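Readers should treat all values here as calculations from the given coordinates under stated rules, not as data from a laboratory. Being a predicted model, the structure only gives us computed values, none of them experimental. Neighbour counts are summed over all protein chains in view; Cβ atoms, including those assigned to glycine, are modelled from backbone coordinates with ideal geometry.
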Amino acid sequence: MQNANGCSNMNHLTAFNRLAPFIQEYIYNQGWADLRQVQVEACHVIFDTDAHLLIAAGTAAGKTEAAFLPVVTQLYEQQPASVGAMYIGPIKALINDQFERLDDLLREAAIPVWPWHGDIVQSRKKKLLKDPRGILQITPESLESLLINKYAELPRLFGELQFVIIDEIHAFMGTERGDQVLCQLTRLARLAGCEPRRIGLSATLGDYGQAEDWLRAGTNRSVATPDVQAAERKVRLSLEHFYWPEQVGAIAEERDIDSGVRVEDGKTRYYDYLFDLSQGRRCLIFASNRTETETAIAQLRRTAKRQGQPDIYHVHHGSVSAHLRETAEDVMRSSNTPAVTAATLTLEMGIDIGKLDRVIQLESPASVASFLQRLGRTGRRGSPADMRFLCAETKPLTTEHEGDFSVLTRRIPWQLLQCIAAIQLYLEERWIEPFQPAKYPFSLLYHQTMSTLVSMGELTPADLAQQVLTLPSFSSISADDYRRLLHHLIAIEHIQQTEQGNLIVGFDGTRIVSNYRFYAIFQGTEDYRVRDGNQDIGSIALPPSPGECFALAGRTWEVLEIDPKRRLVSVQPGTGHAGSTSWRGGSSTIHTRVLQRMRQVLLEETDYPYLQPGARERLQEARQLAQIIDIAGTVVFPTENQTCCIFPWMGTAAFRTLERFLAYQCKPALELKWIRNRSPYFFTIHLGKSDLESLTCEVKSVRDRRLHPEELLGEEEAPELRKYDEFVPADLRRKAFAADYLDLQELSDIVSHW
C-alpha cells in the first residue's frame, strides 16, 4: 500500500497487514489507495494498547472504519462466546445506516450485526437472545430495556463483551441522556462481569480533555486520542440578509394548490433566493424548528410549480413518519439527480446521504458545534464544503433621529450577528463550545434508582445506595441527599419498604416502570398521529378542527376526523390555506463566547468576505448604530416613557441568572414596574419611579453581594424541568436548579467589566 505521495509507508502497511483477510479484501474491492491516518492510528491503539480510544476527526475522515476495522479483526481472531462489540448510536436512523455498511463488510466473515431499537421486529431480537454473538447496535433507550428486562441473562449476553463504540459522542456529553449512557455502561460491566474498552467517535469536539474524561468515566483505563493532522479543507461560505415586510398582513393573492401556504409579498424575494440557491442541486436545508422546515419546502415547491420545475422536495424531522424520513434519506443518497430536503437536527448526525452539493442554513445555527456539524455534511470526496446562510428580520419602523432608542432592540440584527460570530469563532480559533456536566441530575437519579430496583429486585437501602450512588453520573450527590430522595419515594409509594426494612418497587412506582416510555430519560410527547388512509404521515401536538388544513411533511392536509382516545387524526390531501402547525419543542443554550463575539462584530471594521450585498449593508447599518449609541462603552440604554434596555452580551446561563437577579433583587428594591426579555440578547425594563443610574448601580452590586444561587428563586419555587422532577423533593429540585441552571460567578465576572 502507498500513501498519498506514492511512497511506501511501513506504518500503513503494518496496520493493513494486521487486519483480518476478509477486511483486506474488502479494502481492495472498495478501491482504497491506502488506509487513512486516523485508521492507522486507531489500529495501533486497538492492537497494541489496552486503552480506550477517542477518534476525533473531521466529517468523512474515515472515523467509522477506523473504529470497526480493528475491532472486527479482534472479534474475528478471538471470537467471544457472547456479543463481542456494542455500538451505541444517538438516533435510530444512524443505527440503520451503520447496519447497512457493516452488514456488507461482515457477511463473509460470519460475524452477525444486530440492530436493536423500537422499530426492529421481535423475531429478529429473539435470534440474538438465542445466539448472542457479533455486534449489537442499540440506542440508550433499548439498552435500558435490556438492563431491566433481561437482567438474569446479561452475563450470557455480554459476558465477553470486548468493545463499546459510542458514535457522535458530542451529542451525549453534557446531556442527561449521556449521563444515562455512562450509568448503563457501568451497570452492564458489573452485572455481566465484563470490562469492555470504549471507543468514542466525533467530528465536533473542542476540548479533547473533557471528552476523554467523559469517555473513561467509571473505569480505570486511560484514553488514547491519536493526533490526526486534518487535511486543509476548502470552504465556500456566503451569508445574505433579507427584510420581512413592514406592513403586517400584506398577503399575496397567489395560492399554491398543493401547499395552501400564504406568502407575504415582502417574503417573495427571500424564497426566490432560497430556490435559486438550491435549484438543480443536491441540498440539505437546515432550520431551527419544524415549522420553518415545513414552510421552506412548501414555498420551494410552490416556486418550482410556478416555473414548471419538477418536485424534488422533502421534509425530515422528528414529527414526520419513519417511512417518509427513510424515503427522503434514500432519495438523497441513491442517485446524483437534484434533490432538496429540509431538516432540523435529524440530519445533522452522520447518516450517509451521499454527496451533497450544498448545505443551506436558515437563520443562525444554535451553536458553533452545530455549524461545524452541518458544514461537514458537504464537501466530501475532494469537493469544497459549501454552506450558505440566510437571515431575515422584520424591518424596524424608521425614526427621524439616528439616536432614537424607541426601537433600539429591533435595530440590532441579532441572527445576522450570531451567524457571523459562529463562523468567525471557528475560522479564527477553531473554537467549539465545551460541555457543562450537571452537578445534581436528580431526575436521572430517580430513573436509575427505579431501574436498578426493578431489575435486581429487593435490596437493602445500603445495597441500593451502593449500586446507584457509585455510578459515575452521581459523584456530586451526597448520601444525605440520596436518603432524602428515598424517604420521599417511600412516602409517595414509588418505593415500598418491607417488614425486614428492605426496598422494593411500590404500587405507584410499578405504574411508572412498567410503561415502555420509562426507558427514555428525555421527556416524551403525547402527540396525535396523522394518517392518510393506511399511510402514516407523522405527528402533531394539537390538531385543528375537522375541515381545517395544516402542513406536515411538506404537504397540506385537511382534517377529516379526530379520535382523541387513539390520539389519531385522519386526513386527506388538502387545497386550502394551511394554518399553523403545533409541535412541542425545547430551546437551545448559547455560550457567552458567542455573545461576546457578536459584540465584537459590531465594534470591529472587518469586511468578512462571505457577506453578500444585503448582509454587508445590514451589518454596516448596525455598526453605524453601535457607534452612535456607544455600544463599546454602554450596556444600559434609555428608551422612552421611563423604560430602558440592557444589552448584557452574556450566554444563556448568565442571562438567566441576571433575569432572576433583576426580578428578585432589583425589582423590589427599585420598585420597577416590569421586566421583559428576549433571551439571551436583551432586557427591556420599565423603571417606574427609579432611574437609569440607580438600576445600573443595583445590577453592578451583584459583584459584591455574597448571594447564594437559591436566593434567586421564589420562596415556593422548585422548577420541574426534567422528566422525573415531579417525583423529586422540592428542596432537591431547588438545589439542582441553582447549581445547574444559574451561574452567579459568570454573571459577576461579566458585570465587573461594565
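Couple of notes before you dig in:
- The ranking of D48, D386 from fewest to most other beta carbons within 10 Å of each one's beta carbon is D48, D386.
- Potential lengthening of the chain between K439 and Y151 amounts to 100.8 nm, from the contour at 0.36 nm per residue minus the alpha-carbon distance.
- Dipole magnitude (debye, nearest 20) for the chain, charges at Cβ of Lys, Arg, Asp, Glu: 1100 debye
- For the pair Q79 and D227, label points projected 7 Å from Cα toward Cβ lie 4.1 nm apart.
- Calculated FRET efficiency for the pair F507/E640, C-beta based, R₀ 60 Å, to 0.05: 0.50
- Förster-model FRET efficiency, 56 Å R0, K127 and Q745, C-beta, rounded to 0.05: 0.55
- Close amide-amide hydrogen proximity is noted between A392 and F242, E363, each under 5 Å apart and 5 or more residues distant or on a separate chain (H modeled in the peptide plane; Pro and chain starts excluded).
- Extreme residue, positive dipole direction of the chain, given options V121, H708, V513 (C-beta unit charges): V121
- As a rough footprinting exposure proxy, the listed residues C43, C283, C645, C697 were ranked by other beta carbons within 10 Å of their own, and the order from fewest upward is C697, C645, C43, C283.
- Of the beta bridges in the chain, as assigned by DSSP with both residues counted there, near 40 percent are antiparallel.
- Under-5 Å amide H pairs with G506, H placed in peptide plane, nonlocal only: I495, Q496
- Under Stokes-Einstein, with the Kirkwood radius over Cα pairs as Rh, the value for segment 634-751 at 37 °C and 0.692 mPa s is 220 µm²/s.
- Listed residue pairs exceeding 28 Å between alpha carbons, taken from K125/K439; K92/K355; K565/K723; K700/K723; K439/K723: K125/K439; K700/K723
- Length-normalised contact order for segment 634-751 - Cα pairs under 8 Å, 6+ apart - percent: 29 percent
- Note on H708 and W674: the extension gain reaches 9.8 nm, defined as 0.36 nm multiplied by sequence separation minus the Cα-Cα distance.
- Projected-area mean, segment 442-519, by convex hull of Cα positions, square nanometres: 4.8 nm²
- Inter-label distance, nm, simple model (7 Å from Cα along the C-beta direction), C697/E526: 5.3 nm
- FRET efficiency for S752 and L721, using Cβ-Cβ distance with R0 set to 45 Å, rounded to 0.05: 0.95
- Full-extension gain in nm, E621 to N534, via 0.36 nm per residue minus C-alpha separation: 25.9 nm
- Kirkwood hydrodynamic radius over Cα pairs of segment 152-214, then Stokes diffusion coefficient at 10 °C and 1.306 mPa s, in µm²/s: 126 µm²/s
- By the count of other C-beta atoms within 10 Å, a proxy for reagent exposure, T291, T634, T204 are ordered fewest to most as T634, T291, T204.
- Remark on segment 59-181: hydrodynamic radius 14.8 angstrom, per the Kirkwood mean of 1/r across alpha carbon pairs.
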